[in-house]
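Take a look at the structure set out below.
The values are calculated or read from the model by the stated rules, or taken from the named source; none is laboratory data. Bear in mind the structure is a predicted one, so any value in this text is a computation, not a measurement. Counting neighbours? That spans all protein chains shown, and the Cβs are built from the backbone with ideal geometry, glycine included.
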Amino acid sequence: MSDIQNQIVALRAELNKHNHNYYVNNTPEISDFDFDQLMNKLIELEKQNPQFNDPNSPTQRVGSDISNDFTQITHQYPMLSLGNTYNENEISDFHDRVHKSIGDVEYVCELKYDGTSISLNYENGLLKHAVTRGDGEKGDDVTENVKTIKSIPLQLSGNYPDKFEIRGEIVLPHSQFEKINQERIKNEELPFANPRNAASGSLKMKKSSEVAKRGLDCYLYYILGDNLPSTLHTENLEIARSWGFKIPTDYKKCNSLDEINTFISDWDEKRHSLPFEIDGIVIKVNDINIQNELGYTAKSPRWAISYKFQAEEAKAKLLSVSYQVGRTGRITPVANLSPIQLAGTTVQRASLHNADIINELDLHQNDNVWVEKGGEIIPKITRVEIKDRDNSAVKVEYITQCPECGTQLIRPEGEASHFCPNDKGCKPQQKGKIEHFVSRKALNIDSLGEQVVDLLFEEGLVKNIADIYDLNYEKLIGLSKSVSKDGKKVYSFKEKSTQKLLDGIEKSKTIPFSSVLFGIGIKHVGATVAKTLTQKFNNIELLSKATKEELIETDDIGPKVAESITNFFSDEENTDIINRLKENGIQLESEKVEILEGNFTNQSFVVSGTFTNYSRDEVKKIIEENGGKNLSGVSSKTTYLVAGEKTGPSKLSKAEKLGIQIINESEFIALLNK
Ligand code: IVH
């Protein structure tokens, strides 16, 4: 090996070790800063020496921007589910069945992780495929996304079998779940109902670079293969830990029903202090030979069963319903409750989502309601205790006018929510739009926090996003506002804070077009849609003139988004604001990206099937790096269909029908090197 190659290999090993210490063992040995330094060094070396690239390098964990299309893979061993039990009697029945056919056995009790199950296939110590459960027979190939999960080893160490499969659960820790939902609520996107949905949604995202940001984790609890090291489940897992996997430590070997029940009741309490969600306990027979003897029913093993915890619920009194108005005018009804203890926290509010939910519950004022907190962070009302209701109780009627500005509410077709249409004159909408514009993912003016926006708005200095750029030293200095209820804490613009804000505003003029477009706050245009749009429409003029049809032709843009965009630009007040932003030097066009001149300039490709030398994503990357474009489906615009093994038959027949050139892997390589 050359010196450079040695250096690259050593850096990869060192970074892998630190990843493992941090994400698997929770015992970091170096600071984040030092880790980043090492990573940057490796990134630089790999960039300069592409001949040593390795898809399993720790640099590849950041994911890529290329759209995943998930192909299906048949599981070598079907992914079965477990029979559920809900009480001690049902567990005792399970034990009796096992005892009758085998006699005394050792059980293992494990936590039942509430996430999304995954099957990882390793060959010669390398992660080959990561496949979702799917229908149990075949699942989606989500390898590229799974590679971004840092607790999953891409390369094993120690003495592992050549070929094996390990299964487990991908989970989203509570802290990440809350962070993602807060961000979604801020962007007026629907929050995930629970960490399980958030985990499975994240795993199926189109871009692995987005998955990398989600903070997923993975616990492994089941290993399959021909040459496993032991005939005991627990021993296999302990050995797999030494290969680099994150294997749970919270399991217990149990030899009696009593021990099993104690484990269950202990964890029913303790589960609330875990950093992730569990929804029960899994009880397994430890000896694999006995497992095989007990066998399987059509759906589940006879050697294991799950016990599901009851969702915690408590009764509370409905004190009132209040209505919040968001940045886009969306109304969110909230139930204010008498304080109750639930899943370890005090609950005083529950989301009611929309008018239909209130009607379905048949909510009346002063009702006693049952509140449940399952995997959900925001508790929900599951039912009303009708027998506690007074005859004279009045039904909760949904408001018809905006609680902030009095405008008649509307409910657009196909929407579950009501909206206040007074977007230019309704205070929380006006302020919300300004707060969104200056937020971190948009124009990132961090000294314009909520309190300051409030102050500038109330003073009449900033009524819309363009007004920010009319602020100057004279207008700001000396402005003040009390920021606590007792009026004691006061925010005031002194010399330093004034200058800091003006500097922040100046700096925002360098923020790229896609973040500005996101910041402008067009309904349904989130950060990802904004990025897609600015890739297709290089400046705001082109976007503002785009027809609905042209917009819909863009990847991932549907009729609802298209309509919202054309509506936005047909409003004169909006175009005035855009013009003022432009006059002030805000970036409203894409940076001139260096158009890659390569063998594939002006050519469009559809890549399908599997390849010998590259993964499908690597083929797509090569196309983009050489100036070509990737399309998801075959159409008259396609130049080549790159057909690997198992190419979809519909793609092939469509390409043949349209006379599109079909090339195989070696023809593709020849084309690249021409
Ligand atoms: S063992 C043959 N162990 O629960 C079944 N599953 O309904 C092997 N799960 O699909 C599964 N924690 O997604 C097993 N400690 C654990 C688990 C667990 C969660 C999930 C898994 C499975 C479902 C069963």
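Details
- Residue in the range 566-582 that is small (Gly, Ala, Ser) and touching a helix residue (DSSP H, G or I) at 6+ places or on another chain (Cβ under 7 Å) present: no
- Count of the range 545-563 residues which are on the phi < 0 side of the Ramachandran plot and either charged (D, E, K, R) or surrounded by fewer than 17 Cβ atoms within 10 Å (Cβ to Cβ) (or both): 12
- Residue match in the range 457-464 (condition: over 27 Å from residue 425 (Cα atoms) and either out of contact with any Asp or Glu (no Cβ under 7 Å at 6 or more places or on another chain) or buried (at least 16 other Cβ atoms within 10 Å of the Cβ) (or both)): no
- Within the range 147-170, residues that are within 16 Å of residue 216 (Cβ to Cβ) have Cβ atoms under 6 Å from residues that are in a loop (DSSP other than H, G, I, E, B) and among the small types (Gly, Ala, Ser) in these pairs: 148/63; 153/244; 169/115; 170/115, counting only partners at least 6 apart in sequence or on another chain.
- Cβ-Cβ under 8 Å pairs, at least 6 apart or on other chains, the range 261-288 side more than 13 Å from the ligand (Cβ to nearest atom), far side in a helix (DSSP H, G or I) and modelled with pLDDT under 95: 261/88; 275/174; 275/175
- Conditions (1) within 16 Å of the ligand (Cβ to nearest atom); (2) in contact with a strand residue (DSSP E or B) (Cβ under 7 Å, 6 or more places away or on another chain); (3) closer than 21 Å to residue 288 by Cα; (4) not polar (S, T, N, Q): number failed by residue 78: (2)
- When the range 205-238 is filtered for residues that are assigned to a helix (DSSP H, G or I), among the aliphatic types (A, V, I, L, M) and either within 16 Å of the ligand (Cβ to nearest atom) or free of Cβ contacts under 8 Å to residues at least 40 places away in the same chain (or both), only 237 remains.
- Some residue of the range 135-149 being within 12 Å of the ligand (Cβ to nearest atom), farther than 18 Å from residue 610 by Cβ and in contact with a strand residue (DSSP E or B) (Cβ under 6 Å, 6 or more places away or on another chain): no
- Residue among 306, 242 that is at pLDDT 95 or above and within 12 Å of the ligand (Cβ to nearest atom): 306
- Residue that is surrounded by the fewest Cβ atoms within 10 Å (Cβ to Cβ) [pool: residues in the range 100-120 that are within 13 Å of the ligand (Cβ to nearest atom) and of a type in the set (Asp, Glu)]: 114
- Qualifying residues in the range 81-99 (those that are small (Gly, Ala, Ser) and surrounded by 13 or more Cβ atoms within 10 Å (Cβ to Cβ)) - the one nearest to the ligand (Cβ to nearest atom): 83
- Some residue of the range 313-321 being within 30 Å of residue 435 (Cα to Cα) and either within 32 Å of the chain's Cα centre (by Cα) or within 16 Å of the ligand (Cβ to nearest atom) (or both): yes
- Scanning the range 465-481 for residues that are under 23 Å from residue 511 (Cα atoms) and surrounded by fewer than 16 Cβ atoms within 10 Å (Cβ to Cβ) returns 470, 472, 473.
- Filtered residue count, the range 343-357, keeping only those that are more than 25 Å from the chain's Cα centre (by Cα) and either surrounded by 18 or more Cβ atoms within 10 Å (Cβ to Cβ) or in a helix (DSSP H, G or I) (or both): 4
- Of the residues making up the range 304-326, those that are aromatic (Phe, Trp, Tyr) and more than 15 Å from residue 373 (Cβ to Cβ) are 307, 323.
- Within the range 112-123, residues that are farther than 14 Å from residue 154 by Cβ reach partners that are within 7 Å of the ligand (Cβ to nearest atom) and outside any strand (DSSP E or B) with beta carbons closer than 7 Å, at six or more positions or on different chains, in the pairs 117/79; 117/133; 119/79.
- For beta carbons closer than 6 Å, sequence separation of 6+ or different chains, a first residue in the range 405-428 that is at positive phi and a second that is assigned to a loop (DSSP other than H, G, I, E, B), there are no qualifying pairs.
- Selection from the range 263-283 of residues that are in contact with a His (Cβ under 9 Å, 6 or more places away or on another chain) and surrounded by 21 or more Cβ atoms within 10 Å (Cβ to Cβ): 276, 277, 283
- Pairing residues of the range 74-99 that are free of Cβ contacts under 8 Å to residues at least 60 places away in the same chain and more than 18 Å from residue 310 (Cβ to Cβ) with residues that are within 16 Å of the ligand (Cβ to nearest atom) and not charged (D, E, K, R), at Cβ distances under 7 Å and at least 6 apart in sequence or on separate chains, gives 78/136.
- Taken as a whole, the structure leaves residue 378 outside the set of residues that are surrounded by 17 or more Cβ atoms within 10 Å (Cβ to Cβ), among the hydrophobic types (A, V, I, L, M, F, W, C) and not in a strand (DSSP E or B).
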